[in-house]
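Worksheet: the structure to be examined is printed underneath.
The values are calculated or read from the model by the stated rules, or taken from the named source; none is laboratory data. Owing to the predicted nature of the structure, the values given are computational and were not obtained by experimental measurement. When we count neighbours, we look across all protein chains shown, and the Cβ atoms used for this are built from the backbone with ideal geometry, even at glycine.
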Amino acid sequence: MKYAVILLMGALVACSGQPVATNYYLLRQDDAIESRELIGSRDYALGNVAIASYIDQPGMVLEMGAGQIRPALHHQWAEPMNQSVRSFLQREISTRLGEDLFPATISSAESVVEIRVDQLHGTSDGQAVIFAYWYLRKDGEILLPHQFGKTVDLASDGYAALAKAERVLLSGLAKDISDALLAQRDE
């Protein structure tokens, strides 16, 4: 019995010394990857896409309540969020517009879409939330100022479900932007 207890304690100590694996998530669209010629929008370009500093970190973020957040140590984004959010929104808006939204620095488009994501995180009660502002800038004038806020329930527990929900929320923001741009073009 004495040896069994020692063996069991040795096994517990060995298991507790095992490192916890870190899981990495990509912020990517689910559609197929294809090669094609890019068709730049003559009307619109993508300007600044800013995200709140608490989001711009490797760990996925949970709001624990009362303004307290907790970044995950072992569930992280695979690339910097400022780049991921920009790339995701650029591709989503372009797809919905039917033409490619080039960066304002290389585009000759007359109007520039500016975006600020102030919130993008999970909550302790199993939801994901986004809150963002966006507007169109043309000749120094602000057009179409909008705010976008939405909450969705996670499909299941865990960070993989949170990553998927955040993609859904960003797609909703891209839809809001592209719908307004298409409507303005039709005026």
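Brief remarks on what is shown
- Search result, residues across the stretch 17-72 that are touching a strand residue (DSSP E or B) at 6+ places or on another chain (Cβ under 8 Å), surrounded by fewer than 16 Cβ atoms within 10 Å (Cβ to Cβ) and hydroxyl-bearing (Ser, Thr, Tyr): Thr22, Tyr24, Tyr54
- Check on Asp176, over 12 Å from the mean Cα position of the chain (by Cα) and free of Cβ contacts under 8 Å to residues at least 12 places away in the same chain: no
- Residues located in the stretch 105-136, provided they are in contact with a strand residue (DSSP E or B) (Cβ under 8 Å, 6 or more places away or on another chain) and charged (D, E, K, R): Glu110, Glu114, Arg116, Asp118
- Residues satisfying the stated conditions in the stretch 93-137, i.e. of a type in the set (S, T, N, Q) and without any contact (Cβ under 8 Å) to a residue 60 or more places away in the chain: Ser94, Thr105, Gln127
- When Ala21 is tested against (1) at pLDDT 90 or above; (2) in a loop (DSSP other than H, G, I, E, B); (3) within 20 Å of the chain's Cα centre (by Cα); (4) farther than 17 Å from Leu120 by Cβ, only condition (3) is not met.
- Residues of the stretch 98-137 classified as on the phi < 0 side of the Ramachandran plot and assigned to a loop (DSSP other than H, G, I, E, B), total: 12
- Selection status of Ala132, in contact with a helix residue (DSSP H, G or I) (Cβ under 8 Å, 6 or more places away or on another chain), crowded, with 20+ Cβ neighbours inside 10 Å and small (Gly, Ala, Ser): yes
- Candidate set: the stretch 78-92, residues that are touching a residue at least 60 places away in the same chain (Cβ under 8 Å) and over 14 Å from Ile51 (Cα atoms); chosen: the one surrounded by the most Cβ atoms within 10 Å (Cβ to Cβ): Glu92
- In the condition set (1) farther than 22 Å from Ser87 by Cβ; (2) at pLDDT below 95, Thr151 is compliant with all but (2).
- The stretch 43-97, residues that are part of a strand (DSSP E or B) and of a type in the set (Val, Ile, Thr): Val49, Ile51, Val61, Ile69
- Complete set of residues in the stretch 63-109 that are more than 21 Å from Leu182 (Cβ to Cβ) and of a type in the set (S, T, N, Q): Gln68, Gln76, Asn82, Gln83, Ser84, Ser87, Thr105
- Matching residues in the stretch 138-187 - criterion: being closer than 19 Å to His75 by Cα, touching a Leu at 6+ places or on another chain (Cβ under 9 Å) and not in a helix (DSSP H, G or I): Leu154
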